[in-house]
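Following: one structure in structure tokens, then a few remarks.
Each reported figure results from applying straightforward, stated rules to the coordinates on display, with no laboratory input. In this text the structure is predicted, and so the values were computed from the model without any measurement. As a convention, Cβ positions derive from the backbone with ideal geometry for all residues, glycine included, and neighbour counts pool all protein chains shown.
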Amino acid sequence: MKGYTSQDVAKLLGLTVAQVRGFARDGFLSPPSRLGRGARRELQFSFQDLVVLRTAKALVAARIPARRIRRALKKLRLQLPRGRSLAELRIAADGDRIVVSDGHTAWNPESGQTHLDFAVSDLATRAAPIARRTAKAAREAEGELDADDWYDLGLELEAVDPEEARDAYRRALELDAHHADSHVNLGRLLHEQGLVEEAERHYRAALREDPEHSTAAFDLGIALEDLDRPADAIEAYRMALAADSRLADAHFNVARLYDRIGKRAAALRHLSTYKRLTEPR
């Protein structure tokens, strides 16, 4: 469900179509065999591809060698958050590294020194009309789409149109009530609306389908904190860390809660792990 053509990308990013295709051909994106193609064999790009290409454009303008750009962008793709909206991110330069920040934590895909600073939300605003066009086309062909198709569309729409994304996840769940990732992402969007109890139900539904879904457990912890249930939130964060011990934000949140209830040794242990996981490399 990739909705951006080479022409769309060129217009959004101020590139020529030839430059867009060149970036794809030179390995700055996922391998061409994995890129979507339209009816006329046109390359199709995702919103994540747009973020990577926007970064590539800045690195090329800064005259960074192509080999180092490929290495930086490969790390950037791997470290962009999955199952979360990209719109909250800011990508900037810190010395000789790219810093990707979501306002809470930052991580550093290696790069050459450059001048780079942009909010992904700005790109999302420009891309929104095209994404809505993709959503309209999906609704017109909904009989051909399965739950995974609607989930993929939801991911594409989150950064540009959360309401359309919620609808896509609901359609995925109508087709497959056991689709854990759709439960998680719909829960998060409902949570952001302030519908915390409804969000909790979706997080728990995801965990029933996949008890080791670390994102579901982490997001459940945040919901339970918002519902003023700290003991339950600690248990949810512990579930998240049992599934993925490198979840830095889970270590930070559980450290804060342990400190709040007077368990200082446990708090310090998790805080130390958080600092080790987030220190620049």
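Between the amide H of Thr5 and those of Phe45, distances stay under 5 Å, these residues lying 5 or more places away or on another chain, with hydrogens modeled in the peptide plane. Computed over the range 241-281, the range of Cα coordinates on each principal axis works out to 32, 22, 12 Å, biggest value leading. Summarised as an ellipsoid, the range 177-281 has semi-axes of 24, 15, 11 Å, derived from the eigenvalues of the Cα gyration tensor scaled by 5 and square-rooted, with the largest first. Footprinting exposure proxy ranking of Val254, Val60, fewest other C-beta atoms within 10 angstrom first, gives Val60, Val254.
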